[in-house]
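Asker: After the structure tokens below, expect a handful of questions from me.
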Amino acid sequence: MFKGNALVIGASGGIGKTLVKKLYESGEYECVYAVSRSLPASPIEGVQYHTLDSGNDDLVAQYCQQLMQAGGQFSLVVCCIGALHAIGADNQKIMPEKRLEDIHKDQLSFYFTTNVILPAIWLKHVEPLLKGAEPSKLVFFSARVGSISDNHLGGWYGYRASKSALNMMIKCAQIECQRRAKNICLISYHPGTVETELSRPFQSKVPKGKLFTTDFTVTQLLNIIPNLTADTGPHYVDWQGRVIPW
């Protein structure tokens with residue numbers, strides 16, 4: 001039975017840490033790699049950790065080249081990078097816009113850098129790791145609010161637009177992979193509202209039973225992806241495995 005390698009990008013966040021743990025404990029992977037800006041407080045013995053700045057194209061390229069040289073096809077890469085709120089430059093508070101007057105170029109730049117550019121850098125460099133004779137999955141954490149046709153509430157301009165742009169990157173990449181790396185299946189995953197720092201300011205408004213643990217949404221993802229194939233990709237699905245309209 002084929003046992004490929006697995007890589008988690010953005011492994012220091014709540015979902016990322018849980019994903020690394022579950023992948024390692026599953027025993028389904030030859031080696032589990034985890035990359036993030038900082039090492040976890042309690043690293044798992046046996047997981048290969050690495051720290052780097054995902055905004056540095058050269059460092060990402062060098063790391064992926066090291067993984068290539070280590071050998072073995074990757075059967076799963078998951079990119080958990082993303083942000084909904086933050087403290088930006090000059091202590092500027094970044095929160096989703098509620099109206100047109102809230103739009104600000106620095107805030108838009110933050111959303112597109114974090115939610116589109118950084119994942120796109122990884123998208124470019126991990127493709128050779130996944131290409132091979134065996135099926136492989138490349139997953140990006142997106143959001144339901146990135147759906148253009150499903151947008152009935154408006155607002156959240158920067159976050160919505162950046163997730164829509166990420167989805168377009170994924171669709172473009174699947175078309176290219178169908179020409180040169182037919183084994184790679186790309187997936188845009190909406191994890192639901194998860195109890196992490198990303199959702200913390202908005203958790204009080206979440207309906208009862210709809211605030212998920214990281215364990216739940218990671219388990220859902222790992223149960224869903226085996227059923228998704230490259231020839232019908234890319235896939236834009238939620239935590240239930242239901243298709244989200246692009």
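Asker: Look at TYR24 and say whether it is farther than 30 Å from GLY158 by Cα and touching a residue at least 40 places away in the same chain (Cβ under 8 Å). Please lay out each step first, then the result.
Answerer: On the way: farther than 30 Å from GLY158 by Cα: yes; touching a residue at least 40 places away in the same chain (Cβ under 8 Å): no.
Against the criterion (farther than 30 Å from GLY158 by Cα and touching a residue at least 40 places away in the same chain (Cβ under 8 Å)), TYR24 does not qualify.
Asker: For residues that are on the phi > 0 side of the Ramachandran plot and either in contact (Cβ under 8 Å) with a residue 24 or more places away in the chain or among the polar types (S, T, N, Q) (or both), tally how many sit in the range 87-105. If you could, list the steps in order and put the result at the bottom.
Answerer: Filtering the range 87-105 for residues on the phi > 0 side of the Ramachandran plot gives 90-91.
Retained after the next criterion (residues that are either in contact (Cβ under 8 Å) with a residue 24 or more places away in the chain or among the polar types (S, T, N, Q) (or both)): 91.
Qualifying residue count for the region: 1.
Asker: While we're here: Is it true that TYR111 is outside any helix (DSSP H, G or I) and touching a Ser or Thr at 6+ places or on another chain (Cβ under 9 Å)?
Answerer: Numbers: outside any helix (DSSP H, G or I): no; touching a Ser or Thr at 6+ places or on another chain (Cβ under 9 Å): yes.
So TYR111 does not fit the description; no.
Asker: Given (1) part of a helix (DSSP H, G or I); (2) on the phi > 0 side of the Ramachandran plot, identify the lone condition not met by GLY46.
Answerer: Looking at each condition in turn, GLY46 falls short on (1).
Asker: Can you work out which of the residues in the range 64-86 that are within 21 Å of the chain's Cα centre (by Cα) and free of Cβ contacts under 8 Å to residues at least 40 places away in the same chain is nearest to ILE15 (Cα to Cα)?
Answerer: If we take residues in the range 64-86 being within 21 Å of the chain's Cα centre (by Cα) and free of Cβ contacts under 8 Å to residues at least 40 places away in the same chain, then ALA86 is nearest to ILE15 (Cα to Cα).
Asker: Further question: Of all residues in the range 1-29, count the ones that are more than 14 Å from the chain's Cα centre (by Cα) and either closer than 20 Å to LEU221 by Cα or crowded, with 22+ Cβ neighbours inside 10 Å (or both).
Answerer: Residues that pass the stated criteria total 12.
Asker: Quick check on this structure: which one of SER38, SER75, SER54, SER12 is in a strand (DSSP E or B) and in contact with a strand residue (DSSP E or B) (Cβ under 9 Å, 6 or more places away or on another chain)?
Answerer: Working: SER38 fails: in a strand (DSSP E or B); SER54 fails: in a strand (DSSP E or B); SER12 fails: in a strand (DSSP E or B).
Result of the check over SER38, SER75, SER54, SER12: SER75.
Asker: Please tell me if ALA161 is under 22 Å from GLY55 (Cα atoms) and under 14 Å from the mean Cα position of the chain (by Cα).
Answerer: no
Asker: Would you mind stating whether ARG99 is closer than 19 Å to GLY16 by Cβ and basic (Lys, Arg)?
Answerer: no
Computed from the coordinates by the stated procedures, all read-outs in this text should not be read as laboratory data. Note that this is a predicted model, so its numbers are computed, not measured. Backbone-built Cβ (ideal geometry, glycine too); neighbour counts: all protein chains shown.
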